[in-house]
1. For residue 233, are the conditions met, namely being touching a strand residue (DSSP E or B) at 6+ places or on another chain (Cβ under 8 Å) and either in a helix (DSSP H, G or I) or closer than 26 Å to residue 45 by Cβ (or both)?
2. Take the residues of the range 77-119 that are surrounded by fewer than 18 Cβ atoms within 10 Å (Cβ to Cβ) and in contact with a Ser or Thr (Cβ under 7 Å, 6 or more places away or on another chain): which is nearest to residue 9 (Cα to Cα)?
3. State the number of residues belonging to the range 46-86 that are among the hydrophobic types (A, V, I, L, M, F, W, C), touching a His at 6+ places or on another chain (Cβ under 9 Å) and part of a helix (DSSP H, G or I).
4. For the range 1-37, enumerate the residues that are polar (S, T, N, Q) and either modelled with pLDDT under 95 or not in a strand (DSSP E or B) (or both).
5. Residues being within 19 Å of residue 165 (Cβ to Cβ) and not in a helix (DSSP H, G or I): count how many of those fall in the range 249-271.
6. Identify all residues within the range 5-26 that are under 21 Å from residue 111 (Cα atoms) and either surrounded by fewer than 19 Cβ atoms within 10 Å (Cβ to Cβ) or not aromatic (Phe, Trp, Tyr) (or both); write none if there are none.
7. Looking at 252, 198 in this structure, which one is of a type in the set (Ser, Thr, Tyr), in contact with a strand residue (DSSP E or B) (Cβ under 7 Å, 6 or more places away or on another chain) and touching a residue at least 60 places away in the same chain (Cβ under 8 Å)?
8. Where residues in the range 123-179 are surrounded by fewer than 19 Cβ atoms within 10 Å (Cβ to Cβ), touching a residue at least 12 places away in the same chain (Cβ under 8 Å) and of a type in the set (Gly, Ala, Ser), which of them is nearest to residue 38 (Cα to Cα)?
Amino acid sequence: MQNPGISISMFVNKHTISYFDEGSENAPVIIFIHGFPFNKSMWIKQAEALKENARVIAYDVRGHGDTDSGTQDFSIELFVQDLISLLDKLKIEKAILCGLSMGGYIALNAVENHPERFSALVLCDSNCIADTPDAKEKRMKAIENIRENGVKNYVDESIEYLLAAENFTTKPGLVDEIRTMMVNTAWQTLVNTLQALSTRKETCSKLPEIRIPVLIIVGKEDIVTPPEAAQFIHEKIKGSLLSILPHAGHLSNLENPDKFNEILKKFIASV
């Protein structure tokens, strides 16, 4: 096993995926999927908290971090193919799946279409709905903004929605880390992923069919996918657990990692 933050590369589904793999090979496996436009490094604190009792894998989604874009058009379905191919290549038959925001979209689609591959699901600051016409229009404007004004301008405009207001003052180092992750994402990846997100299918109608243990985590101050969205998912999945984290916005695992890890460890121990 490698240490968190040390990238391993593997050719999977016609492109090269970068991931880290930490913990015991004989322990339960948990796969982390990051949000947009971030990378696997956002899960390092979770890996360090869980590695004694779990095998922790986090990977860069196609085009993000150190994973290349390949040649296919981005879609949630393609991202799911990448995930399943990675599991196959690593000879992992079943895993706990944890996704934040876009990672949650991928996770829900994966559990819907490959339920036999997952033993539990953790959804963080995510949603089950498809983009509304208004949301699609906003994404198209964001694409236009990126093409005309560059990545930095897009990051400056979008980062203000991602964190709880207090954390811009109390955690300047975290703000810098998040900004760096975003700025280092290629403009083509931003554009391609925004297009993929805008055309994703809803998964709300399939929530009642989920039969594995589910934990839903959301930042109390999340304005991108607010607690109401998490509550809706919670009500649709029988037996699911819901935790609303204080002092956190859309990036709850980074903004309040101690509480996040405490809840996550308790859930994993229970499944």
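The values are calculated or read from the model by the stated rules, or taken from the named source; none is laboratory data. Bear in mind that the values here come from a model prediction, so they are computed numbers and not experimental data. In this analysis, Cβ positions are derived from the backbone assuming ideal geometry, glycine residues included, and neighbour counts consider all displayed protein chains.
1. yes
2. 94
3. Final tally of qualifying residues: 3.
4. Selection gives 2, 3, 7, 13, 24, 26.
5. Final tally of qualifying residues: 4.
6. 12, 13, 17
7. On inspection, the qualifying residue turns out to be 252.
8. In this case the residue turns out to be 158.
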